[in-house]
1. Helix 106-127: angle to the longest alpha-carbon principal axis of the chain, degrees 0 to 90, nearest 10?
2. From the square roots a ≥ b ≥ c of the eigenvalues of the alpha-carbon gyration tensor of region 3-127, which class results: rounded (a/c under 1.5), prolate (a/b over b/c), or oblate?
3. With a point put 7 Å past each Cα toward its Cβ, work out how far Lys201 is from Asp137 in nm, to one decimal.
4. Going by alpha carbons, how many degrees (0 to 90, nearest 10) lie between the helix axis of 188-203 and the longest principal axis of the chain?
5. What distance in nm lies between label points placed 7 Å from Cα along the C-beta direction at Ile217 and Lys69?
6. Just need the relative contact order of region 1-159 here, percent rounded to a whole number, with Cα pairs under 8 Å and 6+ apart.
7. Using 0.36 nm times the number of residues separating Ala151 and Asn86, minus their current alpha carbon distance, what extension gain do you get?
8. How big is D for the chain, in µm² s⁻¹ as a whole number, if Stokes-Einstein is applied with the Kirkwood radius of its Cα pairs at 10 °C and 1.306 mPa s?
Amino acid sequence: MKYNALIIEDDIEIAHIISLNLAHMETQSTLAYTGDEGLSKLEKDTFDLVILDLMLPGKSGDEIIKELKNKTEAKIVVVSAKSEVNDKVNLLLSGADDYIIKPFAKEEFRARIQVQLRNLNKRITNQKLKWKALELDKSKRSVTFNQTQIALTNTEFDILALLIASPETPFTKRQIYEVIQGVYLGDDNTVNVHVSNLRKKLAQHTTDTYIKTVWGIGFMLV
């Protein structure tokens, strides 16, 4: 299976129907029958998609959406018998990616889920950046050179992620500093040290220059 979905639905029959439909779209399902159980499973595993019923024992679906937005980047699809326009609008504004009304036709369900999986694929693609032999994966926070792993600190990773997103584009030391510290305090030396360490690690894998100093401005990937 290509994707992982968490189904939070207290009706066992509906949960299994959803699971069967997802299986046709290369998606493996994990079932949870209460909101708390769903949030607990989210702590232990990573999901691409969350299918969420609103009328649950304990925490309501509305409350769960708020918690989900703080815990996961998964697409959230609400499946509910509530059909009022205000209900749908409020949930979409609070963070749900789509809203499917019960009872639903399997064709509509699969079409709507397929849209979310397409969007997910676009997001995954944007998480992976490549320049020459360098590959950076934002979701895994990993960097490889010719498929060999390079161990970077969090700061070094963030600097490289900025540079590799726009190769051959100069970034000022201020721009780089704001990425790693949030607010520029005029401390260019901090940026110089981190870039120097990053260069040393790249030099262990290649003699080519990857990070160029642009005098009077800052640095860029070349």
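1. Taking the Cα atoms of the chain, the angle to 106-127 is about 10 degrees.
2. Because its axes are fairly even, with a/c under 1.5, region 3-127 counts as rounded.
3. 1.6 nm
4. Result, in degrees: 90.
5. For Ile217 paired with Lys69, the spin-label model returns 3.8 nm.
6. Details: 231 pairs, mean separation 24.3, N = 159.
15 percent.
7. Details: separation 65, 0.36 × 65 = 23.40 nm, distance 4.93 nm.
Full extension from Ala151 to Asn86 adds 18.5 nm.
8. On the way: Rh = 20.1 Å.
The diffusion coefficient I find is 79 µm²/s.
Values quoted throughout were computed directly from the atomic coordinates according to the rules given, and no laboratory measurement underlies them. This one's a predicted model, so the numbers in the text were calculated from it and none came from an experiment. Reconstructed Cβ throughout: ideal geometry from the backbone, glycine too, with neighbour counts over all protein chains shown.
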